[in-house]
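A short write-up of the structure that comes next.
Read-outs throughout are calculated quantities, based only on the coordinates presented, and are distinct from any laboratory measurement. Model, not experiment: these values are computed from the prediction. Cβ placement follows ideal geometry from the backbone for every residue including glycine, while neighbour counts extend to all protein chains displayed.
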Amino acid sequence: MIRTFFAFIFFLSAISAHPVIFKNGKVFWLTQNPSFNDIRFGVSKSSNWLIGGRFLEDRKSNETFALINNNFLAKRWNNRNSQANLYLLSSVGLDTKNSKSMGTIGLHGDWEDRRFMVMQMVEYYSYSSAVVSNTRFAYSPFTVDYSKTSTWLIAHYRVEYSNNKYSYMFFPVVRLFKKNYLVEIGFNQDNSFLSFMTHF
Amino acid sequence: MKQFLAFLLFLNFGLSQSVVTLQDSEIEINENEAVVEVLGMVCSMCAFGIGEGFSKTDFVDKTKFNDGVSVDIDAQFVQVGLLKSSDANAEKIVQVIEDAGYDVNQLFILQNEKLTKFSFDKLGILQSMAFNLSSNTGN
């Protein structure tokens, strides 16, 4: 259960190419996998701070978590044809059935240009004292202009350290996005997921 | 290094039209338009945020381009149509780009038959250089 929950957190975190978006921009996304349904909504109050809410449903236990996300862009390096970012991530919330609190804190770094993207994120979960590391390498086989669909092939690698044990997971993912819409489809031998996100 | 320096070709098609060069791209600029070289604009979601920012201003001429804005991700620039009656200026345009999370490397505005180039000096202060198209002389 906890492992699956962590896996889901990983997917949600990883689909967001930019945890903070343009000033006054809103982000909405849905994710479903065999274990969870999830809805998120956020507002960027500035170009370096996004705050939002999230409802997460465990499809097996019917548990639901209500969380507040707080994403802060600590540093961005805008270069010609590339960009790099360093984010501080946190969330606090409750299990809606027993009101048990939980919180997370994380560090997210990424670099991307028109063809390649790398991402590394580390998160700590207070209620289980778990540390999760997520790594992504992505490649776009062709570049397209603003009005066409962009395709990315992504390799996910995840390491979780909890209860003095490590666990590992690898997922290949296809990302498609056009203008302000993004869809990701991923799978491995055990699981699959579908995500949709839009900015407006 | 040459391709990194924008320069003016002064290939005037008329007094209200000119061409600017950003990296390897020659961009036609008309009266009441701005051309902005944007750093870090690497995806369509980035470009969408910039377009949204301009759409909420009161100085964009939405009859030009696509609701007033044209984005070229490959060449890393944005073209903006400016309302003739507005008080559009370089600072406002830079603010829109920065609110979207990106940086301006340089900016050209063609208004009143005067092409003005803006860029940041080493202290981060916006500097301008104006060219009167009717005489083809730089100030």
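Before moving on, here are some points about what is shown:
- Most tightly packed first, judged by the mean number of other beta-carbon atoms within 10 Å of their residues, the peptides B:66-72, B:21-27 read B:66-72, B:21-27.
- Neighbour net charge for B:Phe65 - beta-carbon separation under 13 angstrom, K R +1, D E -1: -3
- Compared with the dominant principal axis of the Cα atoms in chain A, helix A:2-15 is inclined by about 20°.
- Extent along the principal axes, Cα only, for chain A: 48, 39, 27 Å, with the longest axis given first.
- If only the Cβ of Lys and Arg carry +1 and only the Cβ of Asp and Glu carry -1, the dipole of the protein assembly as shown around its Cα centre is close to 880 debye.
- Farthest positive-ward along the protein assembly as shown dipole, Cα basis, beta-carbon charges - from A:Leu67, A:Met121, A:Trp111: A:Leu67
- Loop trypsin sites (Lys or Arg not before Pro), the range B:53-124, which have at most 16 other Cβ atoms in a 10 Å radius of their Cβ (DSSP): B:Lys56, B:Lys62, B:Lys84, B:Lys122
- CD proxy at 222 nm, helix term only [per DSSP H run n ≥ 4: -39500 (n - 2.57); per residue of chain A; nearest 500]: -2500 deg cm²/dmol
- Pairwise centroid distance, computed over Cα atoms, of the range B:43-99 with the range A:139-165, Å: 29 Å
- Using alpha carbons only, the radius of gyration of the range B:13-139 set against its Kirkwood radius gives Rg/Rh = 0.94.
- Just checking the listed ones, A:Gln120, A:Gln83, A:Gln32: in the Gaussian network model of chain A with Cα springs under 10 Å, the one fluctuating most is A:Gln83.
- Straight-line cross-link reach from B:Lys84 at under 30 Å between alpha-carbon atoms covers these lysines, not counting any fewer than eight positions away in the same chain: A:Lys23, A:Lys179, B:Lys56, B:Lys62, B:Lys64, B:Lys92, B:Lys114, B:Lys117.
- Partner aspartates and glutamates for A:Lys97 [C-alpha distance under 13 Å; skip if fewer than 8 residues away on the same chain]: A:Glu57, A:Asp58, A:Glu63
- A simple spin-label model places pseudo-atoms 7 Å from Cα toward Cβ; at B:Leu123 and A:Met102 they are separated by 5.2 nm.
- Principal axis extents of the Cα atoms in the protein assembly as shown, from largest to smallest and rounded to whole angstrom, are 76, 36, 36.
- P(r) of the range B:62-127 over all Cα-Cα pairs, binned every 10 Å from zero, in whole percent: 18, 54, 27, 2
- Residue-by-residue Karplus 3J(HN,Hα) for the range A:182-192, coefficients 6.51, -1.76, 1.60, Hz, glycine and proline x: 9, 10, 10, 10, x, 6, 9, 5, 10, 9, 9
- Diffusion constant of the range B:44-87 at 4 °C, which comes from Stokes-Einstein with the Kirkwood Cα-pair radius and 1.567 mPa s, µm²/s: 123 µm²/s
- For the range A:29-149: relative contact order, % (alpha-carbon pairs under 8 angstrom, 6 or more apart): 14 percent
- For the range A:47-200, a crude dipole built from +1 on the beta carbon of Lys and Arg and -1 on the beta carbon of Asp and Glu, taken about the Cα centre, is about 340 debye to the nearest 20.
- Three principal axis extents of the range A:154-200 based on alpha-carbon atoms, in descending order, are 43, 23, 14 Å.
- Basic side chains Lys and Arg get +1 at the Cβ, acidic Asp and Glu get -1 at the Cβ, and with that the dipole of the range A:107-178 about its Cα centre reaches some 220 debye.
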